[in-house]
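I have placed the structure first, in the form of structure tokens, so that the comments after it can refer back to it.
The values are calculated or read from the model by the stated rules, or taken from the named source; none is laboratory data. All values reported here derive from a predicted model rather than from experimental measurement. Positions of Cβ are backbone-derived with ideal geometry, glycine not excepted, and every protein chain shown enters the neighbour counts.
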Amino acid sequence: MKPLLPARIALRYLFARKSHSAVTAISAVSICGIAVATAAIVCVLSVFNGFRDILTEKLDTLAPDVMVTPSRGKTFADTDSVLGIVRRVGGVQTATPVVADNALVICNGREMPVLLKGVVADEYRRVTAIERITRQDGRFATVDSTAAQPRLVYDDDIGDYVEMPADTRYAADIAIGVASRMATMPGGEGLLVFAPRRTGHVNTANLAASFTRDSLTVAGVFQAMQSDYDSNYVITDIALAREIFQYDNECTGIEILAAPGADASQLAEDIARAIGGTATVKDRLQQQEVNFRMISIEKWVAFLLLTFILAVASFNIVSTISMLILDKQNSLATLHALGASRRQVGRIFAWQSLAVTAIGCGSGMIIGVALCLAQQHFGIIKLAGDASRLVVKAYPVAVHATDMLTVLVPVALIGVFTAAVSSRFARSRIGLPRQ
């Protein structure tokens, strides 16, 4: 028997008219089962890809290309030295120090814990997209220019007024969650900021003396559409943050903007080598490692569950081929009498099983990709909830070629398994009377 003859006979058996209509119906059900399960896997993996892409896109707003933090302790003692090392690394366009720690804010009789972040305003504008996400009714500013006007003071010694510089009053760009909780807005009630003193003892008789405090005007409200930032961030000037947290020249981190064309991951590695073991260096994706890992775990758990459903659907293939073997038992006896070995007869139904699996898998992939493209362009399935609070209104999807290859692996294994079972059953039926 020619090598490809079993495959040709298998295709003929697959598409030829059966003596029992039930065999035809079960064959169609088997193909549909594989197709539906495959399409479901493609769609689910693509939805998780879409959520990952949304998260990556939102990281562009406030997460820097590269973040440098101390390996031990909370601060870099010599900020200028570390900044000098970082800025000399090729591929660094801007590097700016930040001071961030927990604080308490009070406004309109309300209070809440926040993450107070002090920045160098001009550099922070370049490193992040803070101005783009600040709402139009305000602006990004860390110093209240309207409150920093010089004032005239009468000097008795000279008998005239002299101009005295006003004390600097700091401003803040606050997260929308803070603005909502504190019931304030740009130009509205300011914030009182408190932080526990890092040095000294707690005075139980005068607890107020155990805290540093200052006030902030609200210059703007930002919305990054990401809960990590929108819930409790207050961004102000680094000088105020150092004063509140009682730092001199220290910083808690250095945020870096990569030069155009520079690879952020490679830049992070170069900076880590330049600084040594005194710092932890992370690119943008590593800064959100927990969120990305959670999405990845959910994605592959869903993949395993759907693969199990696909495996259950494969039992229909075994049933279909078994009924076809019984339907064609006289033909098998004829082939065996003409010289076909049991192994060659078994190959016919192994090819038959592989053909059913391949048709179901191919159809499922086409259907899955088509559904994903329809969802991507038309947003057919909407997300539940208040549309005004959602980042996207419909389920995001993104079809990746690597996922298509991933789907092929379990389908191929299932195809090989069902082919082996079908071949073994066909060989066992040769020479037996038809039932």
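Of all residues in region 95-118 being surrounded by fewer than 19 Cβ atoms within 10 Å (Cβ to Cβ) and not charged (D, E, K, R), which is nearest to Ala258 (Cα to Cα)? Filtering first and then ranking leaves Leu115. Look at (1) outside the structural domain of Gly360 (by TED's automatic domain parsing); (2) surrounded by 22 or more Cβ atoms within 10 Å (Cβ to Cβ) and you find that Ile41 fails only one, number (1). Counting only residues that are small (Gly, Ala, Ser) and closer than 17 Å to Ala374 by Cα, which one in region 25-52 is nearest to the chain's Cα centre (by Cα)? Checked region 25-52; the qualifying residue nearest to the chain's Cα centre (by Cα) is Gly50. Scanning region 312-364 for residues that are among the charged types (D, E, K, R) and farther than 28 Å from Val407 by Cβ, we see that the one that is modelled with the highest pLDDT is Arg343. Against the list (1) at pLDDT 90 or above; (2) more than 19 Å from Leu304 (Cα to Cα); (3) buried (at least 16 other Cβ atoms within 10 Å of the Cβ), the condition Phe425 fails is (1). Of the residues making up region 80-125, those that are basic (Lys, Arg) and either in contact with a helix residue (DSSP H, G or I) (Cβ under 7 Å, 6 or more places away or on another chain) or within 17 Å of Tyr170 (Cβ to Cβ) (or both) are Arg110, Lys117, Arg125. Only a single item in (1) in contact with a strand residue (DSSP E or B) (Cβ under 6 Å, 6 or more places away or on another chain); (2) within 24 Å of Phe245 (Cβ to Cβ) is not met by Arg87, and it is number (2). Against the conditions (1) closer than 30 Å to Gly360 by Cβ; (2) in contact with a strand residue (DSSP E or B) (Cβ under 7 Å, 6 or more places away or on another chain); (3) not β-branched (Val, Ile, Thr), Ser46 satisfies every one except (2).
Looking across region 172-194, just one residue is of a type in the set (A, V, I, L, M) and touching a Phe, Trp or Tyr at 6+ places or on another chain (Cβ under 6 Å), and that is Ala175.
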